[in-house]
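Engineer: Just passing along the structure, written as structure tokens.
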Amino acid sequence: MANDPSHQNDKKVSRGLHELYAEDPIKADELVWDRETDAGSRRGFLKRGGMLAMATAIGASIPFASNMPAGLIPAAFAQSDEPFTLPGKEGLTILNDRPINAETPPHLLDDEVTPAKHMFVRNNGLLPNVKALDPATWTLEIAGESCETPTTFTLTELKSRFKHHSYQLTVECGGNGRSEFSPAASGNQWTTGAVASPKFTGVRLRDVLEACGIKQDAVYIGYYGGDLHPSGDPSKESISRGVPMSKALEDETLIAWAMNDEDIPMLNGHPLRLVCGGWPASTSGKWLKKIVVRNQVHDGNKMAAPSYTVPKYPVAPGTQVPNEDMEIIESMPVKSLITFPKTGISHPQGQPLQVRGHAWAGDLDVTELHVSIDFGITWQKAELKAPANRLAWQHWNSVLNFPEKGYYEIWARAVDSEGKAQPMVVPGWNPRGYLNNACHRIAVQIV
Ligand SMILES: Nc1nc2c(c(=O)[nH]1)N[C@H]1C(S)=C(S)[C@@H](COP(=O)(O)O)O[C@H]1N2
Ligand SMILES: [Mo]
């Protein structure tokens, strides 16, 4: 799009946006990520890179540019396929750049194990200063009223004192799919791409907590990360959530320093993060500095309703629900994606079409995956693989034959080990737009 000569207004746009966001001219070399320099600061390239990409993507002037709320990415850009430059990321769709939120188009989630460059990014606050993210000096504090012996570990101590474990773990933002709720729920308008299933390596949270002693009255853990509240106020956390002890003590709950056998990407929590697979990814604290063992439900920022909670009973769309009637989201619901082919392809008639994707179901397994090419009248059972380990997503594939030329949709529908299936349409509306596990569908033209 950037090279399209029809976009004669490009210059004008850059100037308008430039006036809005940057003090001095945008230079191409400012778009390059550099861990050694200022890349994590509030005024780094993320902002400018975002604006430059936005200007080239829109290709028209914005008469009311001065009214645009800070951090807003124009809808035209949020919905475009144009690749956007985020350090270490490729092909993500940016929803917001302050804080940075970016999702992955479904066809880029085709790998069985999600590569780092394709893992979504969801930030609630300001990135920690990159200079502070040094594995050599990083420490993790274990404390809280239900911890017997509060202890601070260096990363080296964590690695040498405890056994290492690797698991492929599915992490999905509780708000994934929010964009489909009506009336619209406020928050990032995720479509389908706030999910990933990389392999994490670290130590078990259980081993570390047991070494520090867990008191009898422990009910919950909470995390604190190295990022800042959007206000920049150091006395506030950007987010500090947690899980009940039963989830904290599971084999697969890790304090991880590696993803796919490399350092965790900076945007995904380097040098250390908590990973609670199968639960809203908001429980997987990034840039992990501290874990507290609590004798009550953790009360950090974004633990209380309406954050990451849904009504205890079904409500009509648009209902105002009192906070006391909301409950904390735990295991995520059954869901699936079609990752191949990419929506919109043309395929020759008479040739079978290979389709594939992944399915996952929070703490549960997926037991069946069905596909339909006739808007859900008939379904065919796909081949479904076992997960690499508990809490990893499962791969499915199927071969489809189309009776004649024309427009088709491929729909996929997963069923979990408790017999619950994905709904065809958007499920129960809730004030913050969580847990949309409606079936994924793609378009195919048979020619
Ligand atoms: N410290 C910290 N941890 C965090 C967040 C954050 O903003 N700060 N966001 C949470 C939310 S809401 C999600 S969905 C996941 C996103 O993880 P990712 O950015 O690695 O994809 O991180 C969680 N952990
Ligand atoms: Mo999230």
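Engineer: Kindly check whether there is at least one residue in the range 355-373 that is over 25 Å from residue 169 (Cα atoms), at pLDDT 95 or above and either open to solvent by less than 70 Å² (accessible area, probe 1.4 Å) or in contact with a helix residue (DSSP H, G or I) (Cβ under 7 Å, 6 or more places away or on another chain) (or both).
Structural biologist: Residues of the range 355-373 over 25 Å from residue 169 (Cα atoms): 372-373.
After this cut, where a residue has to be at pLDDT 95 or above as well, the list is 372-373.
Among the residues that remain, those that are also either open to solvent by less than 70 Å² (accessible area, probe 1.4 Å) or in contact with a helix residue (DSSP H, G or I) (Cβ under 7 Å, 6 or more places away or on another chain) (or both) are: 372-373.
So far as the range 355-373 goes, yes, one or more of its residues are over 25 Å from residue 169 (Cα atoms), at pLDDT 95 or above and either open to solvent by less than 70 Å² (accessible area, probe 1.4 Å) or in contact with a helix residue (DSSP H, G or I) (Cβ under 7 Å, 6 or more places away or on another chain) (or both).
Engineer: Output the residue which, of all residues in the range 171-209 that are touching a Cys at 6+ places or on another chain (Cβ under 9 Å) and within 16 Å of ligand 1 (Cβ to nearest atom), is farthest from residue 102 (Cα to Cα).
Structural biologist: Across the range 171-209, the extreme among qualifying residues is 205.
Engineer: Return the pairs, sorted by first residue and then second, in which the second residue is away from ligand 1 (no atom under 16 Å from the Cβ) and basic (Lys, Arg), the first residue lies in the range 164-185 and is not assigned by TED's automatic domain parsing to the domain that holds residue 363, the beta carbons are less than 7 Å apart, and the residues are 6+ apart or on different chains.
Structural biologist: What qualifies is 165/204.
Engineer: Let me ask something additional. What pairs come out if I take residues in the range 122-145 that are touching a residue at least 40 places away in the same chain (Cβ under 8 Å) and pair them with residues that are more than 14 Å from ligand 1 (Cβ to nearest atom) and assigned to a loop (DSSP other than H, G, I, E, B) whose C-beta lies under 6 Å away, six or more apart or interchain?
Structural biologist: Close Cβ pairs (under 6 Å, with a partner that is more than 14 Å from ligand 1 (Cβ to nearest atom) and assigned to a loop (DSSP other than H, G, I, E, B)) amount to 126/42; 130/35; 130/39; 143/150; 145/295.
Engineer: Select from the range 429-442 the residues that are over 12 Å from residue 185 (Cβ atoms) and either open to solvent by 40 Å² or more (accessible area, probe 1.4 Å) or touching a Ser or Thr at 6+ places or on another chain (Cβ under 8 Å) (or both) and list them in ascending order.
Structural biologist: 439, 440, 441, 442
Engineer: For the range 339-386, which fully contained strands (runs of 3 or more DSSP E) count at least 1 residues that are touching a residue at least 60 places away in the same chain (Cβ under 8 Å)?
Structural biologist: Numbers: elements: 345-347, 353-360, 366-372.
So the answer is 345-347, 353-360.
Engineer: Would you point out the residue of the range 407-424, among those that are surrounded by 21 or more Cβ atoms within 10 Å (Cβ to Cβ) and among the charged types (D, E, K, R), that is nearest to residue 337 (Cα to Cα)?
Structural biologist: 413
Engineer: Could you list, in sequence order, all residues of the range 284-310 that are open to solvent by 20 Å² or more (accessible area, probe 1.4 Å) and more than 16 Å from ligand 2 (Cβ to nearest atom)?
Structural biologist: Passing the criteria: 289, 290, 294, 295, 296, 297, 299.
Engineer: May I pose another question? Between 297, 321, 293, 315, which is in the same structural domain as residue 225 (by TED's automatic domain parsing) and within 26 Å of residue 138 (Cα to Cα)?
Structural biologist: Only one candidate qualifies: 293.
Engineer: Still on this structure: Are any of the residues in the range 58-74 within 24 Å of the chain's Cα centre (by Cα), modelled with pLDDT under 60, over 30 Å from residue 292 (Cβ atoms) and buried (at least 22 other Cβ atoms within 10 Å of the Cβ)?
Structural biologist: Let us first name the residues in the range 58-74 that are within 24 Å of the chain's Cα centre (by Cα), namely 69-74.
Filter once more, so that each one left must be modelled with pLDDT under 60: 69-74.
From the residues that got through so far, the ones that are over 30 Å from residue 292 (Cβ atoms) too are 69-74.
Now narrow it down to the ones that are buried (at least 22 other Cβ atoms within 10 Å of the Cβ): 73.
Checked the range 58-74: at least one residue is within 24 Å of the chain's Cα centre (by Cα), modelled with pLDDT under 60, over 30 Å from residue 292 (Cβ atoms) and buried (at least 22 other Cβ atoms within 10 Å of the Cβ).
Engineer: Which of (1) out of contact with any His (no Cβ under 8 Å at 6 or more places or on another chain); (2) within 16 Å of ligand 2 (Cβ to nearest atom) is the odd one out, the single condition residue 207 does not satisfy?
Structural biologist: (2)
Results for (1) over 22 Å from residue 249 (Cβ atoms); (2) open to solvent by 20 Å² or more (accessible area, probe 1.4 Å), shown as yes or no for each residue.
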site: 186; (1), (2): yes, yes
site: 198; (1), (2): yes, no
site: 202; (1), (2): no, no
site: 205; (1), (2): no, no
site: 208; (1), (2): no, no
site: 211; (1), (2): no, yes
site: 221; (1), (2): no, no
site: 228; (1), (2): yes, yes
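Engineer: To continue, here is another question. Does the range 142-183 hold any residues that are of a type in the set (Lys, Arg) and surrounded by fewer than 14 Cβ atoms within 10 Å (Cβ to Cβ), and which are they?
Structural biologist: Within the range 142-183, 161, 163 qualify.
Engineer: Kindly check whether there is at least one residue in the range 388-401 that is in a loop (DSSP other than H, G, I, E, B), among the aromatic types (Phe, Trp, Tyr) and within 23 Å of the chain's Cα centre (by Cα).
Structural biologist: Scanning the range 388-401, I find at least one residue that is in a loop (DSSP other than H, G, I, E, B), among the aromatic types (Phe, Trp, Tyr) and within 23 Å of the chain's Cα centre (by Cα), so the answer is yes.
Engineer: Just give me the residues in the range 178-187 being within 16 Å of ligand 2 (Cβ to nearest atom) and part of a loop (DSSP other than H, G, I, E, B), in sequence order.
Structural biologist: 181, 185, 186, 187
Engineer: Kindly check whether there is at least one residue in the range 341-358 that is of a type in the set (A, V, I, L, M) and under 26 Å from residue 386 (Cα atoms).
Structural biologist: yes
Engineer: Please go through (1) within 16 Å of ligand 2 (Cβ to nearest atom); (2) surrounded by fewer than 21 Cβ atoms within 10 Å (Cβ to Cβ); (3) not in a loop (DSSP other than H, G, I, E, B) for residue 102 and return the number of the only condition it doesn't satisfy.
Structural biologist: The number of the failed condition is (2).
Engineer: On to the next question. Could you tell me which of the residues 271, 314, 306 is within 13 Å of ligand 1 (Cβ to nearest atom), over 16 Å from the mean Cα position of the chain (by Cα) and in a loop (DSSP other than H, G, I, E, B)?
Structural biologist: Details: 314 fails: within 13 Å of ligand 1 (Cβ to nearest atom); 306 fails: within 13 Å of ligand 1 (Cβ to nearest atom).
Every option except 271 fails the conditions.
Engineer: While we're here: Pick out the one residue from 247, 215, 163, 236 that is basic (Lys, Arg), away from ligand 1 (no atom under 12 Å from the Cβ) and within 30 Å of residue 440 (Cα to Cα).
Structural biologist: Numbers: 215 fails: within 30 Å of residue 440 (Cα to Cα); 163 fails: within 30 Å of residue 440 (Cα to Cα); 236 fails: within 30 Å of residue 440 (Cα to Cα).
Criteria check complete, one pass: 247.
The values are calculated or read from the model by the stated rules, or taken from the named source; none is laboratory data. Since we're looking at a predicted model, the values are computed, not measured. Every residue, glycine among them, receives a Cβ derived from its backbone with ideal geometry; neighbour counts consider all protein chains shown. We work out accessible area using only protein heavy atoms, side chains counted, and drop any ligands, DNA or RNA first. Shrake-Rupley method; radii C 1.70, N 1.55, O 1.52, S 1.80 Å.
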